[in-house]
Amino acid sequence: MSSVTLDRRRATTSARGPRTVPPAVFLAVLGLCTAVTASNIYLAAPLLGPIAHSFHLAPSGAAWIASVAQLGYATGLLFFAPLGDTVNRRRLVGILTVLTGAALTAGAFAQGMTALAAAVLVASATTVVPQLLVPLVAERAPAARRGLHVAVVIAGLFAGIVAARVLGALAGQAYGWRAVFVGAAVLTVLVGLGTASLLPTGKRAATGHPLAALARLPRVLKQSPDLLRACLRQAGLFGAWSAVWTSLVLLLTGPAYSMSTATAGLFGLFGLTASAVAPLAGGLSDRFGSRKVVRSAYVVAAVSIPLFWLGGRQLWALCLAAVLIHAAMVTGQVANQTKALTATKTPAVANTAYMVAAFAGGALASALAGPAYAHAGWGGACAVAAVWLTLGWAGSAAVRAR
């Protein structure tokens, strides 16, 4: 066998990862890693009550921690996610995993809200591993099944978000919020490093400094209207979801329902059932295109907002709205992210722009929902969600018209 043939086989092995891991198992591992790491972004959300009590604050006084987490994630996306186009993914995932574990551990021993916020900011910024894995899945998937493969990983992302609310609330009530942070740190390190060992060792061909991708973001957005529309559409959906979901624990544990932290956390199971629509959304995107799928997601989200408002007094409406908003979010995420990943020749840069837009929209909506809830109650949080949904659709329509 010639040396040229050997080199080609080695290059193929490097690009595909270890031969001993079947594609289905590899995809499942990536989905699990996505779930575990994504859960860290929302780790504090179901624990706002215990955290506030620990630092002698009113529950609404700790709500801004949720915005800090989303802001940290958006920052991490901006600086770390573009590196997926240029650097060794295995090494990068390993480093970020260790940093996330260290930050979560520091948060567990924080003695004040400022120290906790700093730890949450760092942990969220370094837990961008899912957005390093999604472009990898898109690259490896057959074109006809790309949406479905991406949907598997996105389903893991949203399952992790819901699991953080449910399991975090249960464990927080039983063992305290600090124990939850320690447990999350250990689980993140174990799963993250295990996944890193299975990733390809090579790096993609690129020119210039890795962080030069940041300078290309405005040009990439300007040159790709499809990418810009996907960013705006998901910022609207994610902002609407964030506004109601961040404030929901305050409603459930407040005078309207007087639930315990653990019981309120179980409410997240409604979201888990909706996460099952991700593979369906992926298949529909492959068959009918992302535009029709996203339009359907917006209709479902629009129906959920008045139901959420009614849910301030009727539990059945709140349960139905929770399922609908999650289904809309997951459907929009699958369709919009698939479009974003295929809109340019630099998927990691495009994915960075897309996720930064989505989480920036979510962080801003969460930041406004807290004060809106404090001044106008549950109706104020619902109003923020409605405004964000309107802005996302109107902005996308304006780009298309232009």
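Structure values in brief
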{"quantity": "Condition broken by G379, with the remaining ones in (1) modelled with pLDDT under 85; (2) surrounded by fewer than 21 Cβ atoms within 10 Å (Cβ to Cβ) satisfied", "calculated": "(1)"}
{"quantity": "Among the candidates R146, R165, residue that is of a type in the set (D, E, K, R), more than 16 Å from the chain's Cα centre (by Cα), modelled with pLDDT under 90 and crowded, with 19+ Cβ neighbours inside 10 Å", "calculated": "R146"}
{"quantity": "Pairs, first among the aromatic types (F, W, Y) in the range 309-324, second buried (at least 18 other Cβ atoms within 10 Å of the Cβ), C-beta under 7 Å, six or more apart", "calculated": "W309/C382"}
{"quantity": "Subset of the range 344-376 (residues that are closer than 20 Å to R219 by Cβ, surrounded by fewer than 24 Cβ atoms within 10 Å (Cβ to Cβ), of a type outside the set (S, T, N, Q) and touching a residue at least 24 places away in the same chain (Cβ under 8 Å))", "calculated": "P347, V356, A360"}
{"quantity": "Test for P46: is it part of a helix (DSSP H, G or I), buried (at least 24 other Cβ atoms within 10 Å of the Cβ), in contact with a Gly (Cβ under 6 Å, 6 or more places away or on another chain) and modelled with pLDDT under 85", "calculated": "yes"}
{"quantity": "Residue check, V98 surrounded by fewer than 20 Cβ atoms within 10 Å (Cβ to Cβ) and either more than 14 Å from the chain's Cα centre (by Cα) or in a helix (DSSP H, G or I) (or both)", "calculated": "yes"}
{"quantity": "Qualifying positions in the range 84-101 - more than 12 Å from N40 (Cβ to Cβ) and of a type in the set (G, A, S)", "calculated": "G84, G94"}
{"quantity": "Cβ pairs under 8 Å, 6+ apart, first in the range 279-292 and within 23 Å of L232 (Cβ to Cβ), second among the hydroxyl-bearing types (S, T, Y) and in a helix (DSSP H, G or I)", "calculated": "A281/T331; G282/T338; S285/T338; S290/T338"}
{"quantity": "Condition met for V134 (under 23 Å from L92 (Cβ atoms) and assigned to a helix (DSSP H, G or I))", "calculated": "yes"}
{"quantity": "Sole exception among (1) in a helix (DSSP H, G or I); (2) at pLDDT below 90 for A240, by number", "calculated": "(2)"}
{"quantity": "Boolean, A171 is under 19 Å from V134 (Cβ atoms), of a type outside the set (D, E) and surrounded by fewer than 24 Cβ atoms within 10 Å (Cβ to Cβ)", "calculated": "no"}
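The values are calculated or read from the model by the stated rules, or taken from the named source; none is laboratory data. Remember, predicted model here, so these are calculated numbers, not experimental data. Please note: Cβ atoms are built from the backbone with ideal geometry, for glycine as well, and neighbour counts cover all protein chains shown.
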